[in-house]
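This report concerns only the one structure given below.
The values are calculated or read from the model by the stated rules, or taken from the named source; none is laboratory data. Just so it is clear, the model here is predicted, and its values are computed rather than measured. Cβ sites come from the backbone with ideal geometry, for glycine too, and all protein chains shown count toward neighbours.
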Amino acid sequence: KAKKIKIRTVQNNLETRVAVQGWIHRLRLQKGVAFITLRDGTGYIQAVLSGDLAKARTTQELTIESTVVIKGVISKLPEGKSAPGGVELKADYYEVVGLAPSGDEAFTNKVQENADPSLLLDQRHLALRGEALSSVMKVRAALLRAIRRFFQEEGLLEVTPPCMVQTQVEGGSTLFKMDYYGEEAYLTQSSQLYLETCLPALGDVYCVQESFRAEKSHTRRHLSEYTHIESELAFIEFDDLLSHLERLITTTVGYVLEDPEAGPLIQQLNPGFVAPKMPFKRMEYIHALDWLNEHGIPNEDGEKFKFGDDIAEAAERKMTDTIGVPILLIRFPVEIKSFYMQKCKDDPRVTESVDVLMPNVGEITGGSMRTYDYDELLASIKRENLDLDSYYWFTDQRKYGTCPHGGYGLGTERILAWLCDRFTVRDCSLYPRFTGRCKP
Ligand code: 4AD
Ligand code: MG
């Protein structure tokens, strides 16, 4: 006689007797009435227990995070009264499924809002139940959905490259080494090289894959494991890559904002968020140096920036925050970029490379055109002192029908930190991994 429902469907079940199963998110006991905010992962609903239902029960039977089944009729609340969805469940029956502890062991003692972040990370499995964290995870799911929809519409095919590899992509210093049946192997830093090999077989491709970086420094935006969205496009030019990136970001953000669940969550987490519009501001590395020097922002050595300097995180973010709009930072010098990057035809000191910078985060995407000439690529690999033999499968792509091509990698947690206005990417990963943290 009671229809089992999920909370997200309450609006379709008004004036119906329903059974809702969930966790007690909030609890207010007041003169013979218990107000429960019930959560089932799909939403929140206020349930009201009154009369005998509230009387017979003690607070020990109703605790935060206990699971309960509540049956009753859902009705719209009159103007002036507020509750999630503007509705209320008038309970006529309830039952405790799993009683959560009270006292010292109570949920609210384990997950205290202002607790030391590392204590909260020990309790991540419980902290995930909080409103902000679970909202970010919902936006994350919507973002991945949107990204896949965009790629589908653009005709890219999804592939799943391996995570256990024997080649590096982004430098030896951040490699996680592992023992692979007695051979040395690594956890992948980027699936780029594998995506490149797919072009002749499958056309334009993308993947959504974990990447691993042994980043020793603690920063707001570095994880040891992150979800890397990468794509590779054949027969394109640098300008095509830049406009593809603009389309990718504006379209997917548009899809997420249109999403009936994720859109309102972004407005809650990041009030006043304005979706970026095409075209993005384009800035050459060399002009970024001028900008930094004019604004008195020093390089890593505390000096004026000069050609060849890396623009480290702090400087990059200061610049992006001040400018306040997305920036396509392009044409980085050869020496500060990876071995595979194509040199610019008009200036071989710089590469056809791009970082997408967003306010509050800085770099969310790194991409480039790839060196597609066989001999030139071999020379770059040798210059980096990489073991040429282990790259035979990558260089073969230049031997058996090469073409101009390019791609990029997008850090899922970084784009989320920007979208949801989170201080750190750690708040955008289910179970963040960074130096000293590999549990739970
Ligand atoms: O700039 P990166 O290192 O570029 C590459 O890996 C290329 N091979 C990608 C490609 O062209 N297919 O990484 C790409 C993006 C960065 O812009 C950043 O958003 C994210 O990956 N990223 C990290 N996110 C979290 N924690 C880390 N340690 C990250 N390192 C990179
Ligand atoms: Mg980068």
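Points to keep in mind about this one:
- Single residue of region 382-404 satisfying the filter (within 15 Å of ligand 1 (Cβ to nearest atom) and more than 21 Å from residue 236 (Cβ to Cβ)) that is surrounded by the most Cβ atoms within 10 Å (Cβ to Cβ): 391
- Identity of the residue in region 210-241, within 14 Å of residue 406 (Cβ to Cβ) and surrounded by 20 or more Cβ atoms within 10 Å (Cβ to Cβ), that ends up farthest from ligand 1 (Cβ to nearest atom): 238
- Every condition in (1) touching a helix residue (DSSP H, G or I) at 6+ places or on another chain (Cβ under 8 Å); (2) outside the structural domain of residue 420 (by TED's automatic domain parsing); (3) surrounded by fewer than 17 Cβ atoms within 10 Å (Cβ to Cβ); (4) closer than 30 Å to residue 270 by Cβ holds for residue 100 except the one numbered (4).
- Strands (runs of 3 or more DSSP E) completely within region 196-284 that count 1 or more residues being under 20 Å from residue 323 (Cα atoms) and within 16 Å of ligand 2 (Cβ to nearest atom): 281-284
- If only residues of region 363-374 that are more than 10 Å from ligand 2 (Cβ to nearest atom) and buried (at least 21 other Cβ atoms within 10 Å of the Cβ) are counted, the one that is nearest to residue 321 (Cα to Cα) is 369.
- Residues in region 169-195 that are outside any strand (DSSP E or B) and in contact with an Asp or Glu (Cβ under 7 Å, 6 or more places away or on another chain): 174, 189, 190, 191, 192, 195.
- Counted residues, region 75-95 - those being over 36 Å from the mean Cα position of the chain (by Cα) and either among the aliphatic types (A, V, I, L, M) or assigned to a helix (DSSP H, G or I) (or both): 2
- Qualifying residue in region 410-419 (condition: assigned to a strand (DSSP E or B) and either within 16 Å of ligand 2 (Cβ to nearest atom) or in contact (Cβ under 8 Å) with a residue 40 or more places away in the chain (or both)): yes
- Positions within region 348-381 being part of a loop (DSSP other than H, G, I, E, B) and either more than 16 Å from ligand 1 (Cβ to nearest atom) or touching a strand residue (DSSP E or B) at 6+ places or on another chain (Cβ under 7 Å) (or both), in sequence order: 352, 371, 372, 373
- Residue tally, condition out of contact with any helix residue (DSSP H, G or I) (no Cβ under 6 Å at 6 or more places or on another chain) and among the small types (Gly, Ala, Ser), over region 249-280: 2
- Some residue of region 368-378 being within 30 Å of residue 276 (Cα to Cα), under 17 Å from the mean Cα position of the chain (by Cα) and assigned by TED's automatic domain parsing to the domain that holds residue 331: no
- For region 345-362, the set of residues classified as touching a residue at least 60 places away in the same chain (Cβ under 8 Å) and within 16 Å of ligand 2 (Cβ to nearest atom) consists of 350, 352, 354, 356, 358, 361, 362, listed by residue number.
- Within region 73-87, the set of residues being in contact (Cβ under 8 Å) with a residue 60 or more places away in the chain and in contact with a Lys or Arg (Cβ under 6 Å, 6 or more places away or on another chain) comprises just one member, 87.
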